[in-house]
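J.: This is the structure I want to talk about, given as structure tokens.
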Amino acid sequence: MVRAFVAIDLVASLREAFSLVQEPLKTCSGRLAIVDPSLLHITLKFLGEVPADQVRGVGEVLHSVESSPFTLRICGISSNNPKRPRVIWAVVEDGGRTGALANEIDAALEPLGFSREKRPFRPHITLARVKEYHPDIPVAIDSLSDWVCGEMEVAGFVLKKSTLTPRGPIYETITEVPL
């Protein structure tokens with residue numbers, strides 16, 4: 001079995017910028033699991049455990065997804081719940097293009113037995129997970145709410161393998177899909 005997901009990789013300059021914005025989060029009381037900047041991405045579809053003999057077929061189907069390149073803007077830090085956050089993320093603005101791409105991927109993979117996502121798609125980049133809450137966490141998030149990271153051109157997406165280890169996940173690109 002291969003634990004897999006479909007994502008948009010970030011360009012190096014954005015990863016560097018995120019390493020800077022994560023610094024104030026590291027000083028929060030409570031306990032946060034900060035995501036290594038080298039692992040930051042925008043998840044389009046989490047596939048879960050895929051039989052190894054089906055991974056190639058998933059890659060082939062993903063190459064059938066038709067979309068065109070687009071620009072996205074990363075602006076502001078937010079969370080899943082302003083009063084008691086569990087996930088801290090960067091906000092992605094793109095006029096709905098990432099959501100449309102995620103929907104196309106969802107539709108393409110459904111015939112292979114992958115269920116369509118029932119929740120509304122909200123593009124974001126997970127920066128940290130709250131393991132132990134403290135009231136200064138929302139304060140730190142609020143102080144970063146207007147932070148603007150920049151823009152990037154999305155010219156493709158990737159199918160990734162995720163191997164979970166005690167030190168955190170290891171991601172490997174299985175296939176790249178150009179737009």
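The values are calculated or read from the model by the stated rules, or taken from the named source; none is laboratory data. Remember, it's a predicted structure, so these values are computed and weren't measured experimentally. Note that each Cβ is placed from the backbone with ideal geometry, even for glycine, and that neighbours are counted across all protein chains shown.
J.: Residue check: is residue 24 surrounded by 14 or more Cβ atoms within 10 Å (Cβ to Cβ), modelled with pLDDT of 95 or more, over 15 Å from the mean Cα position of the chain (by Cα) and under 23 Å from residue 129 (Cβ atoms)?
T.: Details: surrounded by 14 or more Cβ atoms within 10 Å (Cβ to Cβ): yes; modelled with pLDDT of 95 or more: no; over 15 Å from the mean Cα position of the chain (by Cα): yes; under 23 Å from residue 129 (Cβ atoms): yes.
Criteria not met by residue 24.
Condition check ((1) exposed (fewer than 12 other Cβ atoms within 10 Å of the Cβ); (2) charged (D, E, K, R); (3) at positive phi; (4) at pLDDT below 95) across all residues:
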| position | (1), (2), (3), (4) |
| --- | --- |
| 55 | no, no, no, no |
| 58 | no, no, no, no |
| 66 | yes, yes, no, yes |
| 69 | yes, no, no, no |
| 74 | no, no, no, yes |
| 83 | yes, yes, no, yes |
| 89 | no, no, no, no |
| 99 | no, no, no, no |
| 105 | no, no, no, no |
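J.: Among the strands (runs of 3 or more DSSP E) confined wholly to the range 9-107, which include 2 or more residues that are within 22 Å of residue 170 (Cα to Cα)?
T.: On the way: elements: 31-34, 41-50, 70-79, 87-93.
Answer list for the range 9-107: 31-34, 41-50, 87-93.
J.: Here are some conditions: (1) surrounded by 12 or more Cβ atoms within 10 Å (Cβ to Cβ); (2) touching a residue at least 24 places away in the same chain (Cβ under 8 Å). Residue 148 meets all but one. Which one does it not meet?
T.: Here residue 148 meets the rest and fails (1).
J.: Okay, moving on. Looking at 130, 154 in this structure, which one is surrounded by 12 or more Cβ atoms within 10 Å (Cβ to Cβ), touching a Pro at 6+ places or on another chain (Cβ under 9 Å) and within 15 Å of residue 33 (Cβ to Cβ)? Outline the logic, then answer.
T.: Numbers: 154 fails: within 15 Å of residue 33 (Cβ to Cβ).
After ruling out the rest, the residue left standing is 130.
J.: Something else: Please indicate, with yes or no, whether at least one residue in the range 40-53 is surrounded by 13 or more Cβ atoms within 10 Å (Cβ to Cβ), farther than 29 Å from residue 166 by Cβ and touching a strand residue (DSSP E or B) at 6+ places or on another chain (Cβ under 9 Å).
T.: Checked against the condition, which is being surrounded by 13 or more Cβ atoms within 10 Å (Cβ to Cβ), farther than 29 Å from residue 166 by Cβ and touching a strand residue (DSSP E or B) at 6+ places or on another chain (Cβ under 9 Å), the range 40-53 yields no hits at all.
J.: Do the conditions hold for residue 2, that is, is it more than 17 Å from residue 147 (Cβ to Cβ) and in contact with a Pro (Cβ under 9 Å, 6 or more places away or on another chain)? Give the steps one after another, and end with the answer.
T.: Details: more than 17 Å from residue 147 (Cβ to Cβ): yes; in contact with a Pro (Cβ under 9 Å, 6 or more places away or on another chain): yes.
Judged against the criteria, residue 2 is a match.
Residue-by-condition table, conditions (1) hydroxyl-bearing (Ser, Thr, Tyr); (2) closer than 27 Å to residue 179 by Cβ; (3) out of contact with any helix residue (DSSP H, G or I) (no Cβ under 6 Å at 6 or more places or on another chain):
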| site | (1), (2), (3) |
| --- | --- |
| 30 | no, no, no |
| 84 | no, no, yes |
| 90 | no, yes, yes |
| 114 | no, yes, yes |
| 122 | no, yes, yes |
